[in-house]
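Below is one structure, written out as structure tokens; the observations come after it.
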Amino acid sequence: MPGYTGTKDDYLKRLRRIEGQVRGIARMVDEDVYCIDVLTQVSAVTKALQAVSLGLMEDHLAHCVVDAARESHEAGDAKVREAAEAIARLVRS
């Protein structure tokens with residue numbers, strides 16, 4: 001079971017809000033809104049997605065990694081490696 005199961009509805013609500021923001025950006029581009037205003041909205045969506053990512057990572061560490069570490073040292077190491085790789089992908093994006 002994913003670590004975010006308890007907060008799934010909150011994540012879905014936030015993602016739907018972000019989805020609406022992205023549709024709004026597309027509408028802005030379609031309506032030839034000033035570039036800087038579009039970029040401001042892109043920045044807001046980016047920050048919102050980063051907040052979702054950080055929350056998911058926190059849930060993963062608190063649940064999945066901790067549970068794996070309780071299972072065995074090897075399982076814990078594997079989950080830590082997996083989390084580190086995910087963090088590296090987030091940092092690069």
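Filter the range 1-49 for residues that are touching a helix residue (DSSP H, G or I) at 6+ places or on another chain (Cβ under 8 Å) and either polar (S, T, N, Q) or in contact (Cβ under 8 Å) with a residue 60 or more places away in the chain (or both) and give the result. Matches in the range 1-49: Pro2, Gly3, Thr7, Gln21, Gln41.
Per the conditions (1) part of a helix (DSSP H, G or I); (2) small (Gly, Ala, Ser); (3) surrounded by 14 or more Cβ atoms within 10 Å (Cβ to Cβ), the sole criterion not satisfied by Ala26 is (3). Checking the structure you have, find out if any residue of the range 42-50 is small (Gly, Ala, Ser), assigned to a helix (DSSP H, G or I), at pLDDT 95 or above and surrounded by 12 or more Cβ atoms within 10 Å (Cβ to Cβ). The answer is yes, given that some residue of the range 42-50 is small (Gly, Ala, Ser), assigned to a helix (DSSP H, G or I), at pLDDT 95 or above and surrounded by 12 or more Cβ atoms within 10 Å (Cβ to Cβ). State yes or no: is Ala83 loosely packed, with under 11 Cβ neighbours inside 10 Å and either modelled with pLDDT of 95 or more or assigned to a helix (DSSP H, G or I) (or both)? It is false that Ala83 is loosely packed, with under 11 Cβ neighbours inside 10 Å and either modelled with pLDDT of 95 or more or assigned to a helix (DSSP H, G or I) (or both).
The values are calculated or read from the model by the stated rules, or taken from the named source; none is laboratory data. Being a predicted model, the structure only gives us computed values, none of them experimental. So basically every Cβ, Gly included, is an ideal-geometry build from the backbone, and we count neighbours across all protein chains shown.
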